[in-house]
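See structure below.
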């Protein structure tokens, strides 16, 4: 039951904030909003406030905001005026409304990280050795599991990221590493080797290494509101970069399409994180929110990115995209999305 509630809240929350972005900017510009729906398909519950109908629909895998004059110039039934027509607004107004959805997801990730860092502190992997590879330079030099690295070549080491970065910059020259071994300080000389390792995308990359791995123990660094906001911004930016690289690697076929997952995989991930508490679920929600925001910015027809491309065309050439082109591209976009969803679902079921 807890997992089911968490899944509904995470998916529903991410969709809600995405559509809230579109809705808020549309209202800010005075554009008429016919409906704000959380979910697709048959309407389970609806409530009308002013000219807008708020809906809860049966299929919780998306949502939509229906704007007055969105598709047709004369689509102003329901009491909406010419001034409230979306299609009659300047292109930059319409572009702001469209961009607001993905931007809302990115801002949500930022707020989640801010809150987590403020409440829980920022987590870092401790510079503690969890494994020494047999026959590696570290094994030959005498490093042992449980050693805590204090300095490398005179540079203080606070977190495990510092270990990899500092050793990688050695250029293969001998370096002195100071460790804490059960309260005893030891200085050990070691010569890094040019070795291959897997990055987060499964690619082989070469770097200067000594053959050690982190223990996985974490350190929590308390932060105040201001420093938590800065750390949250940095974390969000890092996640945007990693996610964008991930999309590029999929297109380049570096990351196999077999790794693409859909709603079932997301539900599984959320369910697993509920075992570790609310903070773990929120951290996962931030990652999914970044993915959702960037996914919607892809230049695929029917996605927000596709609409932005068409508006850019209209801005540059001073005329809208021909209706026939819009119709064909929309059909292609729907076909691509349906194919991707079916493939992702197939992968999810196969993994089960």
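Report, by residue number, each residue of the stretch 53-63 that is crowded, with 17+ Cβ neighbours inside 10 Å and either touching a helix residue (DSSP H, G or I) at 6+ places or on another chain (Cβ under 6 Å) or within 21 Å of residue 338 (Cα to Cα) (or both).
Across the stretch 53-63, the qualifying residues are 57, 60, 63.
Of 220, 207, which residue is farther than 30 Å from residue 340 by Cα, in contact (Cβ under 8 Å) with a residue 60 or more places away in the chain and in contact with a strand residue (DSSP E or B) (Cβ under 7 Å, 6 or more places away or on another chain)?
Criteria check complete, one pass: 220.
Do we have residue 14 as farther than 22 Å from residue 326 by Cβ and either assigned to a helix (DSSP H, G or I) or in contact with a helix residue (DSSP H, G or I) (Cβ under 8 Å, 6 or more places away or on another chain) (or both) here?
Against the criterion (farther than 22 Å from residue 326 by Cβ and either assigned to a helix (DSSP H, G or I) or in contact with a helix residue (DSSP H, G or I) (Cβ under 8 Å, 6 or more places away or on another chain) (or both)), residue 14 qualifies.
Does residue 11 count as touching a strand residue (DSSP E or B) at 6+ places or on another chain (Cβ under 9 Å), in contact (Cβ under 8 Å) with a residue 60 or more places away in the chain and surrounded by fewer than 20 Cβ atoms within 10 Å (Cβ to Cβ)? Break it down into steps so the answer makes sense when it comes.
Numbers: touching a strand residue (DSSP E or B) at 6+ places or on another chain (Cβ under 9 Å): yes; in contact (Cβ under 8 Å) with a residue 60 or more places away in the chain: yes; surrounded by fewer than 20 Cβ atoms within 10 Å (Cβ to Cβ): no.
So residue 11 does not fit the description; no.
Determine, yes or no, whether residue 330 is more than 17 Å from residue 62 (Cα to Cα), at pLDDT 90 or above and in contact with a helix residue (DSSP H, G or I) (Cβ under 9 Å, 6 or more places away or on another chain).
Judged against the criteria, residue 330 is not a match.
At pLDDT below 90 and touching a strand residue (DSSP E or B) at 6+ places or on another chain (Cβ under 8 Å) - does that describe any residue in the stretch 137-148?
Filtering the stretch 137-148 for residues at pLDDT below 90 gives none.
Among the residues of the stretch 137-148, not one is at pLDDT below 90 and touching a strand residue (DSSP E or B) at 6+ places or on another chain (Cβ under 8 Å), which makes the answer no.
Just checking, how many residues over the stretch 294-329 are farther than 18 Å from residue 94 by Cα and touching a residue at least 24 places away in the same chain (Cβ under 8 Å)?
Number of matching residues: 3.
Hey, among 69, 39, which residue is buried (at least 19 other Cβ atoms within 10 Å of the Cβ), in a loop (DSSP other than H, G, I, E, B) and on the phi > 0 side of the Ramachandran plot? If you could, list the steps in order and put the result at the bottom.
Details: 39 fails: in a loop (DSSP other than H, G, I, E, B).
Every option except 69 fails the conditions.
Mind listing whichever residues of the stretch 180-204 are touching a residue at least 40 places away in the same chain (Cβ under 8 Å) and within 27 Å of residue 123 (Cα to Cα)?
Of everything in the stretch 180-204, those that are touching a residue at least 40 places away in the same chain (Cβ under 8 Å) and within 27 Å of residue 123 (Cα to Cα) turn out to be 200, 201, 202, 203.
The values are calculated or read from the model by the stated rules, or taken from the named source; none is laboratory data. Source: prediction; values computed, not measured. Counting neighbours? That spans all protein chains shown, and the Cβs are built from the backbone with ideal geometry, glycine included.
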